[in-house]
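Quick notes on the structure that follows.
The values are calculated or read from the model by the stated rules, or taken from the named source; none is laboratory data. Because the structure is predicted, anything quoted here is derived from the model rather than measured. Virtual Cβ from ideal backbone geometry, glycine too; neighbours counted across all protein chains shown.
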Amino acid sequence: MIGDTSQNQTDRELVAWLDSIPISKPTRNLTRDFSDAVLVAEILKVYYPRYVELHNYVPANNLNTKKENWNTLNRKVLAKIDMKLTKDAIHNLASDALADVGTERIKNVNDETVCREIYSELKQELREKEEIICTLNHKIVYLESSMKLKDLRISSLTTQILQNAVEMDRSVKSSDDARVKLRSRSHNFHESKTN
């Protein structure tokens with residue numbers, strides 16, 4: 001039951017998205033309405049206007065004409081956006097064999113056949129990981145600059161400690177010299193009294 005609810009929600013979202021795009025006819029049965037590739041071409045025209053020429057796609061009920069439309073779309077548009085369809089997928093789309101437009105198989109640049117949903121999820125995951133990598137790189141730069149500042153501060157403090165130690169050593173030596181002089185004067189004073 002939960003799967004049905006999420007599927008219905010996905011269907012509603014898909015229909016709402018389709019309604020937001022200016023297409024030539026309303027969609028009643030997604031599988032049948034999209035089987036001739038005309039509506040798909042119209043949708044792609046919105047997102048990739050320089051690749052799609054709508055005059056290449058003729059509304060059709062004939063399986064061969066539908067396949068021609070899909071082959072044209074596949075060759076002229078989908079191949080350019082790395083979403084090339086297999087012959088089986090084109091046959092299934094044209095013959096209304098697919099119950100869900102979003103599950104047809106596509107060929108990516110490496111000629112691996114993958115499900116569109118998996119492909120989209122992987123692309124999204126890749127984008128998220130690239131964002132994380134970018135953030136981590138910024139943190140690395142920040143931490144490296146912080147370490148340089150701390151190293152400078154440590155060397156500055158080390159220099160101050162050494163200077164203070166030298167000054168203290170000098171002051172101890174001068175106070176020792178003063179004590180020695182004081183003792184010798186005191187000793188001389190006592191000697192002169194006794195004489």
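Key figures for this structure:
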read-out	value
Given (1) loosely packed, with under 13 Cβ neighbours inside 10 Å; (2) over 28 Å from the mean Cα position of the chain (by Cα), number of the condition LEU63 does not satisfy	(1)
Long-range neighbours under 7 Å by Cβ, at least six apart or interchain, first residue under 26 Å from LYS45 (Cα atoms) and among the small types (Gly, Ala, Ser) within the stretch 3-27, second assigned to a helix (DSSP H, G or I) and modelled with pLDDT of 70 or more	SER24/GLU42
Which numbered condition ARG32 misses (of (1) surrounded by fewer than 14 Cβ atoms within 10 Å (Cβ to Cβ); (2) modelled with pLDDT under 85; (3) assigned to a loop (DSSP other than H, G, I, E, B); (4) more than 33 Å from the chain's Cα centre (by Cα))	(3)
Answer residue from the stretch 84-141, given it is at pLDDT 80 or above and among the small types (Gly, Ala, Ser) and is surrounded by the fewest Cβ atoms within 10 Å (Cβ to Cβ) among those	SER95
Test: LYS67 is among the basic types (Lys, Arg), more than 25 Å from LEU122 (Cα to Cα) and at pLDDT 80 or above	yes
Residue that is nearest to HIS91 (Cα to Cα), among those in the stretch 42-80 that are of a type in the set (Val, Ile, Thr) and out of contact with any Phe, Trp or Tyr (no Cβ under 6 Å at 6 or more places or on another chain)	THR65
Selected residue [assigned to a loop (DSSP other than H, G, I, E, B), at pLDDT 75 or above, β-branched (Val, Ile, Thr) and under 20 Å from ASN69 (Cα atoms)] from VAL58, VAL40	VAL58
Residue in the stretch 147-159 that is at pLDDT below 85 and part of a helix (DSSP H, G or I) present	no
Candidate set from the stretch 61-85 (those that are of a type in the set (D, E, K, R) and part of a loop (DSSP other than H, G, I, E, B)); member that is nearest to ARG116 (Cα to Cα)	ASP82
Filter result for ASN56 (surrounded by 13 or more Cβ atoms within 10 Å (Cβ to Cβ), polar (S, T, N, Q) and over 18 Å from ARG116 (Cα atoms))	yes
Residues satisfying the stated conditions in the stretch 57-83, i.e. in contact (Cβ under 8 Å) with a residue 24 or more places away in the chain, under 14 Å from ALA41 (Cα atoms) and among the charged types (D, E, K, R)	LYS66, LYS67, LYS76, LYS80
